[in-house]
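The values are calculated or read from the model by the stated rules, or taken from the named source; none is laboratory data. As the structure is a computational prediction, the values presented were derived from the model and not from experiment. All Cβ positions, even for glycine, are placed from backbone atoms using ideal geometry, and neighbour counts span all protein chains on display. Note: accessible area is taken over every heavy atom of the protein model, side chains too, but ligands, DNA and RNA are not part of it. Shrake-Rupley method; radii C 1.70, N 1.55, O 1.52, S 1.80 Å.
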Amino acid sequence: MDTFLAIMSGLAPSVGVGLLFWLAMRKILHADRNERMALERMDAEEAAAAAAAETESR
């Protein structure tokens, strides 16, 4: 039983760091996805406004 606890206590820091890394990467990827969607939305709004201005000027 002592050997098992020694192995588990040796693996715990690696598992903890791995979990923190996974959470950080997940947050980064979600933020990137949200930013890309916001930029696409802004581009679509600008294109629509430009098209409306072009139609009005005719």
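Quick notes
- Rounded percent of accessible protein surface that carbon and sulfur make up, the chain, 1.4 Å probe: 67
- MET8 versus ALA48: modelled label distance in nm, points set 7 Å from Cα along the beta carbon direction: 5.7
- Compactness of the chain was expressed as the Cα radius of gyration divided by 2.2 N^0.38 Å, which yields 2.45.
- Helix 2-57 and the longest principal axis of the Cα set of the chain meet at an angle near 0°.
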